[in-house]
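Take a look at the structure set out below.
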Amino acid sequence: MADADVIIIGAGASGLAAARELHRAGARVLVLEARDRIGGRILTRHVEGCALPIELGAEFVHGRPPAIFRMVEQRGLRVMEMADRLLLSRQGTLKPLDDFLEIVTRIDEQIDPQADVTYEQFLGLARASAFQKLIAKSYVEGLNAARADIISASAIALADRAAEKIEGEKLFRVVSGYGAFIDEVAKDVPPDCIRLEHVVRAVRWTRRKVELSCFCGGVEKRLRSAFAVVTLPLGLLRCATDERGRIVFDPSLTMKTTSLARLEVGQVVKVIMRFRERFWEDARIVGDCALFGFTLCFEALFPTWWTTPMTTNFLTGWAGGPAAEKLHAFSPDEVRIAAINSLSTTFHIPSARIEALFEDIYFHDWSSDPFARGAYSYPAIGGIEAARTLAEPIEETLFFAGEATDFRGYSGTVHGALESGFRVAREIIAVN
């Protein structure tokens, strides 16, 4: 007898969304999660004395996506809008760049959606100054955790159009943390249907018959179902067979090989720094620009820093794409030093002063996390169609969800992951 109608691999946003909808439809579901927690690449930590929780993984709600805001309103969660003012640190000065998004928009509006070239190739022909192109490239690489010489320009255009539909120029944070949001999604799934610390190693399948081999506490379990939902991050789907976290499929997923080759794993190094005082609000440093949201400094190893409208003693540093690649070999102490030196370069104050104010640092290495293998996905040339084919079910038995399967312009986002979970639930209900 089958253990469930549907077994879902992964208790991240997409897996829990699929489980929620399938359970509501009357299906018997099991969610198998390798970690000792739910959330996947959502990782919220609460620190004593901090008005806001720390987000070591996903942090922002991009725009007003219905998949998130419906839940926020139904469950009484609070969100706050981030300040969008950006300060540019360049040539020894720190000054507002209030037309930052306008610069990027004017450039990206020149993308021909039918000419699938890399963003780097597109920039070479775009009508803009060298400085404006530098701004646009920095934004695209940082936001998408991507390399400009790999990411598809037409995918950027698609994402821009998708963002317009949901006020995507705005950024929000869940005040109680993304972890609280994902807990609300999980509340609609019976607790005994979510199995933590169940590491799936193999999936054997034929049409409408699936057997999963997983390990819990060193003991192998075999679980059976009619359908399986695969929500593995792209980094796991692409990793070598001998790497931890890899799942062997039998028969193998050869029909997904081309799709996987046209999608890339984005890399990010993100640090949250706690200080004894908020030196970034000192008028002697920032002048009358204390109410900024973000800073950008091309020369710093961590090019981007942000603060929040809520008063805290924390600054968040971000290195995405090529900037992250420079930091991957760094030890934790080297990351701390790089972060302090980056703040010194950005705010034009001695690193010794920042070091004297420093109290703690928090970060999670997603690139070496065995159940993530990177931050989030982005499309290379041909990647939009690749995401669509990656999302296609196999023989009405294996179904695929997760942000990497989004082909509407929302890859790399929590709402993209949620919507993929809703989609896959509809697909299973339709064939069951």
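The values are calculated or read from the model by the stated rules, or taken from the named source; none is laboratory data. Here the structure is a predicted model, which means the values were calculated and not measured. FYI the Cβ positions are ideal-geometry reconstructions off the backbone, even for glycines, and counts take in every protein chain you see. Remember, those area values only see protein heavy atoms, side chains included, never the ligands or the DNA or RNA. Shrake-Rupley method; radii C 1.70, N 1.55, O 1.52, S 1.80 Å.
Okay, here's what the table says:
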item: A324, sole failed condition from (1) assigned to a loop (DSSP other than H, G, I, E, B); (2) open to solvent by less than 30 Å² (accessible area, probe 1.4 Å); (3) modelled with pLDDT of 95 or more; result: (1)
item: Among (1) open to solvent by 60 Å² or more (accessible area, probe 1.4 Å); (2) more than 24 Å from the chain's Cα centre (by Cα); (3) over 30 Å from R208 (Cα atoms) - the single one D84 does not satisfy; result: (2)
item: Total residues in the stretch 279-312, condition under 16 Å from R90 (Cα atoms), aromatic (F, W, Y) and not in a loop (DSSP other than H, G, I, E, B); result: 2
item: Residue tally, condition among the acidic types (D, E) and not in a loop (DSSP other than H, G, I, E, B), over the stretch 223-256; result: 1
item: Filter result for D188 (closer than 25 Å to G26 by Cβ, open to solvent by 20 Å² or more (accessible area, probe 1.4 Å) and either out of contact with any Pro (no Cβ under 7 Å at 6 or more places or on another chain) or not in a helix (DSSP H, G or I) (or both)); result: yes
item: Residue identified as part of a strand (DSSP E or B), at pLDDT 95 or above and open to solvent by 40 Å² or more (accessible area, probe 1.4 Å) among E197, E220; result: E220
item: Only listed residue being part of a strand (DSSP E or B), under 29 Å from V79 (Cα atoms) and either open to solvent by 10 Å² or more (accessible area, probe 1.4 Å) or not β-branched (V, I, T) (or both), chosen from L315, L343; result: L315
item: Residue in the stretch 203-211 that is in a loop (DSSP other than H, G, I, E, B), open to solvent by 20 Å² or more (accessible area, probe 1.4 Å) and of a type outside the set (D, E, K, R) present; result: no
item: Filtered residues of the stretch 59-81 (kept if charged (D, E, K, R) and either open to solvent by less than 60 Å² (accessible area, probe 1.4 Å) or touching a strand residue (DSSP E or B) at 6+ places or on another chain (Cβ under 6 Å) (or both)); result: E59, E81
item: Subset of the stretch 223-251 [more than 24 Å from M1 (Cα to Cα) and open to solvent by 60 Å² or more (accessible area, probe 1.4 Å)]; result: R238, T241, D242, E243, R244, R246
item: In the stretch 136-149, residue surrounded by the fewest Cβ atoms within 10 Å (Cβ to Cβ) [restricted to those that are over 8 Å from Y378 (Cβ atoms) and touching a residue at least 60 places away in the same chain (Cβ under 8 Å)]; result: L143
item: Where a residue in the stretch 394-405 is within 30 Å of H62 (Cα to Cα) and its partner, wherever it lies, is hydroxyl-bearing (S, T, Y) and assigned to a strand (DSSP E or B), with Cβ under 6 Å and at least six apart; result: A404/S377
